[in-house]
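Chemist: Structure incoming, see below.
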Amino acid sequence: MKSSTSKRRVNDGFNREIGWELRPGGMLVQKRDVGDASSGPMIKIKVSHGSYHHDITVPAQSTFGDLKMVLSHETGLEPKEQRLLFRGKEKEDEECLEMAGVKDTSKVILLEDPASKEKKLEEMQRNQFILKAYEAVAKVRAEVERLSEKIIALEATVRSGGKIMDKEFVVLTELLMMQLLKLDSIEADGEAKVQRRIEVRRVQSFVDMLDKLKAQNSNPFSNSKDVASVNTKWETFESGLGSLHAPTPLQSSTKITQDWEVFD
């Protein structure tokens, strides 16, 4: 049986509202605010939480909500994540320990709320998923960093006019493409997805760089600043071939007459 409460204004010197609580048995007492249990006898409660046991000392007039607040510091579980059972029944936060029959050395069972537990499990799995993606991207980044050192060495050789076999460019390009495939196979979300995208762009930039170096290596003068200017001069022939203008029509040597010859 739960106790009923009511409020009325009394002249206690502070002109404030006093809450009254009707306890089982018909006793009317002043209702105590939650957390205001500093006075009264203290009791030690044995709280069982899985394989852990906690000895909690609280005022006898505390509520189960007050007990949850104390247990949150001991277990790391927020009050809303806790379920307290006494004598096989779950207790509400506003229920008083003393009124529920909790005494010194009484045993209370603490359970984690199933919804909260499932939410934490999902969060843990999500964090593991993100961590796995981070590690995979970092592994590819380390390999790309190693390949980039070779690309820089090739660039220095090409810039200095040295000749490099095309096979060197082909092999490095294939190795970079393998890293792109690895990045594409990584399932990532959130910040890990951003890091993967950054690394993809980095690899693509190295592939483009190799293509340019390969072209320059094949044709050292392709990037020369002195570009040859070709001027085309047209020669005009009498027939008009090669001329930019149409040729003047030639006069025909055939003479047309209108003299008719009569046959028998």
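Chemist: Run the dipole for segment 28-160 about the Cα centre, Lys and Arg Cβ at +1, Asp and Glu Cβ at -1, nothing else charged, and hand back the magnitude in debye, nearest 20.
Modeler: Around 400 debye, computed over segment 28-160.
Chemist: Could you work out the local net charge near Ile186, counting Lys and Arg as +1, Asp and Glu as -1, over the other residues with Cβ closer than 15 Å to its Cβ?
Modeler: +2
Chemist: Which shape class, rounded, prolate or oblate, goes with segment 118-218 when its Cα gyration tensor gives a ≥ b ≥ c as root eigenvalues, a/c under 1.5 marks rounded, and past that a/b bigger than b/c marks prolate?
Modeler: prolate
Chemist: Now for a different question. Count charges around Leu121 for me, please; just the other residues with Cβ under 15 Å from its Cβ, Lys/Arg as +1, Asp/Glu as -1.
Modeler: Around Leu121, the charge tally is -2.
Chemist: Excluding Ile130 itself, what net charge comes from residues whose Cβ is under 12 Å from its Cβ, given Lys and Arg +1 and Asp and Glu -1?
Modeler: It works out to a net charge of -1.
Chemist: Let me ask you something else. Can you give the accessible area per residue of segment 79-170, in Å², using a 1.4 Å probe?
Modeler: 69
Chemist: With +1 on each Lys and Arg Cβ and -1 on each Asp and Glu Cβ, and nothing else charged, work out how big the dipole of segment 42-112 is about its Cα centre, in Debye to the nearest 20.
Modeler: Dipole of segment 42-112, to the nearest 20 debye: 320 debye.
Chemist: Apply the Karplus parameterisation 6.51 cos²θ - 1.76 cosθ + 1.60, with θ equal to phi minus 60°, to every residue of segment 119-127 and state each ³J(HN,Hα) to the nearest whole Hz, in sequence, with x for glycine and proline.
Modeler: Calculated HN-Hα couplings, in order: 5, 5, 5, 5, 5, 5, 5, 5, 5 Hz.
Chemist: Take the alpha carbon gyration tensor of segment 42-112, find the square roots of its eigenvalues, order them as a ≥ b ≥ c, and report rounded if a/c is under 1.5; if not, report prolate when a/b exceeds b/c, else oblate.
Modeler: Verdict is rounded for segment 42-112.
Chemist: Another one. Using θ = phi - 60° and the Karplus curve 6.51 cos²θ - 1.76 cosθ + 1.60, what whole-Hz ³J(HN,Hα) does each residue of segment 168-178 get, with Gly and Pro shown as x?
Modeler: Result, ordered by residue: 4, 5, 5, 5, 5, 5, 5, 5, 5, 5, 5 Hz.
Chemist: Would you please give the residues with an amide H less than 5 Å from that of Thr63, counting only those at least 5 places away or on a separate chain, with H modeled from the backbone geometry?
Modeler: Under 5 Å from the amide H of Thr63: Gly35, Leu97.
The values are calculated or read from the model by the stated rules, or taken from the named source; none is laboratory data. Keep in mind it's a predicted model, so treat the numbers as computed, not measured. FYI the Cβ positions are ideal-geometry reconstructions off the backbone, even for glycines, and counts take in every protein chain you see. In case anyone asks, the SASA skips ligands and DNA or RNA and just uses the protein heavy atoms, side chains included. Shrake-Rupley method; radii C 1.70, N 1.55, O 1.52, S 1.80 Å.
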